[in-house]
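Before I ask anything, let me first share the structure, which is written out below as structure tokens.
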Amino acid sequence: ERCAPESRREREREAAGQGPSPGPAASPGSLEDILSEEDEQDRVPLQKLKLLGDSEELRGLLRNPHLRQLLLTIDQAQDKSSLVRKFMQEPLFVEFADCCLSIVEPPEKENILPE
């Protein structure tokens, strides 16, 4: 699973007898150390992530204490993926996710006639 703390690279190192690599909490590693090649397609560039901080709409959503509690619950959960699936039934969480996606992956301007 993508949220599991052990990556494929760590399992390969252990199998080769090199022992586990230090986790992100143990040392300040780069994202490349944490993510495997399979995760690359789901990765959002840092400059796009920084756009989230500039969004007034997102800030407004994050002022909602219910949404903040949902996000804290996910952050602290062992099984994050099943919890996210559950929360995707919550309209507030869906609104948050849609807002984040529209910022990092703006919809393409389709079906717009040239002037």
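Send over a whole-number figure in Å² for the accessible area per residue of the stretch 46-96, probe 1.4 Å.
Details: 3800 Å² over 51 residues.
With the other protein chains kept in place, the stretch 46-96 gives 75 Å² per residue.
Roughly speaking, to the nearest percent, how much of the stretch 42-104's 1.4 Å accessible area is carbon and sulfur?
Numbers: 2480 of 4420 Å².
That share works out to 56 percent.
The values are calculated or read from the model by the stated rules, or taken from the named source; none is laboratory data. Please read all numbers here as calculations on a predicted model, not as lab measurements. Areas reflect the complete protein model, heavy atoms only, side chains present, ligands, DNA and RNA absent. Shrake-Rupley method; radii C 1.70, N 1.55, O 1.52, S 1.80 Å.
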